[in-house]
Amino acid sequence: MHNPIYLDNNATTRCDDEVYKALLPYLKNEYGNPSSIYSLGTDIKEKIKNSRKKIAELINANEDEIVFTSCASESNVSAIMSAVKTNKNKRHIIASPLEHASIIETLKYLEKNGYRVTYLKVDDRGRIDLNELEQSISKDTLLITIMMANNELGNIYPIKEIGDIAKKNNILFHCDCVQALGKIKIDVNLQKIDTLSLSGHKIYAPKGIGVLYIRKSVPYIPLIFGHQENERRGGTENVPYIVGLGKAVELIKNNYDINKKIENLRDYMELEIKNKIEDIHIYGDIDNRLPNTSSIAFKGVNAENLMLVLESFNIFVSTGSACNSKNKAPSHVLIACHADLKNYSPIRISLGKYNTKEEIDIFVKRLESSVNMIRKRTNIQ
Ligand SMILES: Cc1ncc(COP(=O)(O)O)c(C=O)c1O
């Protein structure tokens, strides 16, 4: 049997060797607390500053607008709850229905507590309508929250246009940029983003480190009080992972070539699949997707069965977002797109920088035989 073929990079990525090397000393030898005022601490504080600078540069922000958190979920919840707390006289939020669970669940909580949420309609490819966004705005609207790129479909959203609309109407704009980081350009000024979230483990850094960007002019009330992070996020900093994240960000700075290679591989894979397997459907905004993502269904083939058969061949794909895969309920993203899940339930293939053409060839071969086998068993063919 071949080595594991990992095709689920939107769920998480393998830590890069350089990231691992960079963070290792801070797990043992360089153990000072960055809040200490002796050199063991101040040296570490410098390392944190260094990472902060790299992240700020990448998204065209100022260093003091970057807050380290434990994960992007924390960043999302912090941004939304702060928007609510700092706009006490307003009660309306506009969101895409395709947001990550950390946002959707926060909005559900707010709805139970007197807030009104407008979830924009999406078409069958998961696209939103900017006219509907504009028409949904009222004097009561305090926040628009729309992700830059979707984790399940790979769809890229018109963030600059959304930022313009938010700005024109004097409404806060939060953008979940977790899947966009390293794949498409993020520029908080050009795109007029007020707050945004990032996560380390989607860009070859470890799990358990996130970033919250907060525009300087935006009032902020923390979720976790304390003196760290300029009083915006209490808790002793996760120094090794902050250093690791800084390294990971350094590595993605000029990765146009890597993204192009990944996109070519994804397009090659889809073409091979189309050539070899009949009756398929590719979900999402095909011409406006992340370069690495493919949400693809095979008529009559249950995605979970297919995923399990592929797993038996040491090939790993998902049936939706990782956070959802324990939950047997169909993905809220696919439901919002009115997907025909009875006939076309998709697997998500998300490529990363370690994937090779050889792996894709093995995958397509196994996929073809698995789909044929499941179809035969279920008497579809
Ligand atoms: C779009 C999106 N937002 C937020 C998150 C949450 O990131 P974290 O695991 O760092 O909390 C994820 C992770 O799956 C994601 O895909």
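Bear in mind that the values in this text are calculations on the coordinates, not laboratory data. Computed from a predicted structure; not experimentally measured. Cβ placement follows ideal geometry from the backbone for every residue including glycine, while neighbour counts extend to all protein chains displayed.
Could you list V122, V309 in order of exposure, starting from the residue whose Cβ has the fewest other Cβ atoms within 10 Å?
Least crowded to most crowded, the residues run V309, V122.
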What net charge do the residues around R375 carry, taking every other residue with its C-beta under 14 Å from that of R375, with Lys and Arg at +1 and Asp and Glu at -1?
+1
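Any chance you could run the full-extension gain for N33 through L130? It's 0.36 nm times the residue separation minus the Cα-Cα distance, nm to one decimal.
30.2 nm
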Ordered by fewest other Cβ atoms within 10 Å, a rough proxy for footprinting exposure, H174, H338, H92 read H338, H92, H174
So the FRET efficiency between T42 and K167, C-beta based with R0 = 35 Å and rounded to 0.05, is 0.35
Given a cut-off of 19 Å, name the pairs among K54/K168; K202/K253; K53/K247 whose C-alpha atoms lie farther apart than that in the structure shown.
K54/K168
In a Gaussian network model over the chain where Cα atoms closer than 10 Å are linked, find which of L143, L265, L130 has the largest mean-square fluctuation.
L130
Indicate, rounded to the nearest 5 percent, the antiparallel portion of the DSSP beta bridges found entirely in segment 17-252.
40
Please find, in a Gaussian network model of the chain (springs between Cα atoms separated by less than 10 Å), the residue of N131, N151, N87 whose mean-square fluctuation is greatest.
N131
Angle, helix 72-85 long axis vs. longest principal axis of the chain, Cα atoms, 0 to 90°, nearest 10?
50
Residue with peak Gaussian network fluctuation, the chain [Cα springs, cutoff 10 Å], from Y283, Y204, Y344:
Y344
Fully extended, how many nm does the chain gain between S70 and L24 (0.36 nm per residue separation, minus their Cα-Cα distance)?
14.7 nm
For the N189, E304 Cβ pair and Förster radius 35 Å, calculated FRET efficiency rounded to 0.05 is 0.20
Among I184, I347, I335, I103, what is the fewest-to-most ranking by other Cβ atoms within 10 Å?
I335, I184, I347, I103
Does anyone have the angle between helix 357-377 and the longest principal axis of the chain? Alpha-carbon axes, 0 to 90°, nearest 10?
60
Take the alpha-carbon centre of segment 203-277, take the same for segment 34-103, and report the distance between them in whole Å.
12
Cα long-axis angle, helix 239-252 against the chain (0 to 90 degrees, to the nearest 10):
60
Can you tell me the relative contact order of segment 17-252? Whole percent, Cα pairs under 8 Å, sequence separation 6 or more.
28
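Computed over the Cα atoms of the chain, what is the ratio Rg over Rh, Rh following Kirkwood?
Here Rg/Rh amounts to 0.99.
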